[in-house]
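Before any comments, here is the structure.
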């Protein structure tokens, strides 16, 4: 080791060491505050679900209502009823029925349960057979009315007419309006313009196409008349020229006969379909009216 290196080592060893900086003590951590108990309904908790309902997005409305109920447990009952309403409007009556059947029994859920059963082919709940005169709550009275609606949807017209005739006077503008509308549906069914398949076929037997005109299908009537009349007319002309040995006459007569039988069958089927169409039109009007009753 050289003298300079040894001197450098000696100076480095003799140099004073700077004291380390003092470490500041850690600040005490404040304890976490307990969660606040659920309070009253926050403003607008169901606004988004209601907006979806107004837009006709009923499936999304049901999901959003249940999500809001999960986020605010104090509103679980209202969330269930709103979700069931949206499912009803989406014609998902079985899902709505399953939802309210599992919920807490309240007048609101009882009404929703009975309303969904109007459209389901399930045994009616005994909860829906109350007495309108003694039910203390408005929702319970509405639920007790639903068996009449169910009879109309199931086309048990005589039962519905009898129940409406025996309906006790109840101080409820809603029920009065429903009963008046349902009496109108029963009367309209009694006066539907039905057509007889036998009469339709008989008319076409006399004049081809007349049975189709009887059921209001004037275009089909004219087509049937031409379809039967043309080959029959040309066949008769061939027979007049060549006698009964006319091959063309027999062919044309056979074609006309087939079209004639087809017209008889088509006229009878047309009458049956006419009656079904009348029933279907009335059923669609009833369904539209009952959809308006989902949120009375």
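Assorted remarks:
- Modelled label positions at residue 273 and residue 120, each set 7 Å beyond Cα in the direction of Cβ, lie 3.6 nm from each other.
- Relative to the dominant Cα principal axis of the chain, helix 107-117 is inclined by about 40°.
- Residues 122, 159, sorted so that the one with the fewest Cβ neighbours within 10 Å comes first: 122, 159
- Descending by average beta-carbon neighbour count within 10 Å, the peptides 193-199, 60-66 line up as 60-66, 193-199, the highest first.
- For volume of the Cα convex hull per residue in Å³, calculated from these coordinates, the label among [x] 122; [y] 181; [z] 368: [z]
- Acute angle (nearest 10 degrees) that the helix 58-71 long axis makes with the longest principal axis of the chain, alpha-carbon atoms: 30 degrees
- For segment 219-295 and segment 59-106, distance of Cα centres in Å: 51 Å
- Relative to the dominant Cα principal axis of the chain, helix 247-291 is inclined by about 40°.
- A crude spin-label estimate for the pair residue 192 and residue 280, with each label 7 Å from Cα along the Cβ direction, gives 1.2 nm.
- Here segment 50-71 is scanned for amide nitrogen atoms under 19 Å from the site 7 Å beyond the Cα of residue 102 along Cα-to-Cβ, giving 59-71.
- Within the chain, helix-based [θ] at 222 nm, where runs of 4 or more DSSP H residues each add -39,500 (n - 2.57), nearest 500: -21500 deg cm²/dmol
Bear in mind these aren't lab numbers, they're just calculated from the coordinates by the rules spelled out. On a predicted model such as this, the values are computed, not experimentally measured, just so you know. Note that we place each Cβ from the backbone using ideal geometry, even for glycine, and neighbour counts take in every protein chain shown.
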